[in-house]
């Protein structure tokens, strides 16, 4: 099968569907038309710029530029992981917690994949490293965001129960056990749903792209399985790190609940 190149006119035809979303919002007075317009414009600008940057990176094949691009992606992922939190942490922790856990999980899993399963030459080749990091990063970011939001909202909601457990002599980890379990479930549920639906309900983007470009279906399946396993591992690791660090931040060495370390509810 030959790869079919797309023109901007072809993309614009599909863009009419997004315009229909805006009209639907206006018709039912949903108030989403501005958000749809901003999100669409932002996506177009970001993808065009990313395409230009990737073209330069692929030609350079430099460990410095690959690392710099990865750090920029991680920095934005950290920002997005806390952008829509209902009760974000106050101060530096709001951004630092999300960014550090995203970097830990996605960075570790990406390097593992590049040096073991994928093995490009060189291993930091941006043609492999950047797309792989992007797929892992996006899903890990979602897991961390959901986990932290569930943790902070749950801690505020269960304040009396947590403080009662602490007063009865429970450690901070024991007092937070129900909240942390709920937060971990929230963080991992999307990837579990995705794995359950992959194949019968949906063909993932990477697998579809490879098939459209002429790769044999069985080879595309192997790559997609690899990606899903990497994403699952990174999401679990990132959610665990974020939730446990978040729970630690919401208590102190004297095993007291510290909701003052959260910002007021938005």
Single match in 141, 103 (criterion: within 17 Å of residue 228 (Cα to Cα), in contact (Cβ under 8 Å) with a residue 12 or more places away in the chain, in contact with a helix residue (DSSP H, G or I) (Cβ under 8 Å, 6 or more places away or on another chain) and part of a helix (DSSP H, G or I)): 141
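Per-residue answers, yes or no, for (1) closer than 30 Å to residue 219 by Cα; (2) under 16 Å from the mean Cα position of the chain (by Cα):
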position: 32; (1), (2): no, no
position: 42; (1), (2): no, no
position: 62; (1), (2): yes, no
position: 75; (1), (2): no, yes
position: 82; (1), (2): no, yes
position: 87; (1), (2): no, no
position: 91; (1), (2): no, no
position: 96; (1), (2): no, yes
Select, from 53, 48, the only residue that is surrounded by 11 or more Cβ atoms within 10 Å (Cβ to Cβ) and more than 30 Å from residue 150 (Cα to Cα). 53
Would you mention how many residues in region 135-188 are surrounded by 18 or more Cβ atoms within 10 Å (Cβ to Cβ) and under 15 Å from the mean Cα position of the chain (by Cα)? 18
Being farther than 19 Å from residue 132 by Cβ, at pLDDT 90 or above and touching a strand residue (DSSP E or B) at 6+ places or on another chain (Cβ under 8 Å) narrows 28, 89 down to just 89
Condition first: closer than 30 Å to residue 135 by Cβ, in contact (Cβ under 8 Å) with a residue 40 or more places away in the chain and in contact with a helix residue (DSSP H, G or I) (Cβ under 7 Å, 6 or more places away or on another chain). Can you find one or more residues in region 161-177 that meet it? no
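The values are calculated or read from the model by the stated rules, or taken from the named source; none is laboratory data. All values derive from a computational prediction rather than experimental measurement. Methodologically, a virtual Cβ is constructed for each residue, glycine included, from the backbone with ideal geometry; neighbour enumeration extends over all protein chains shown.
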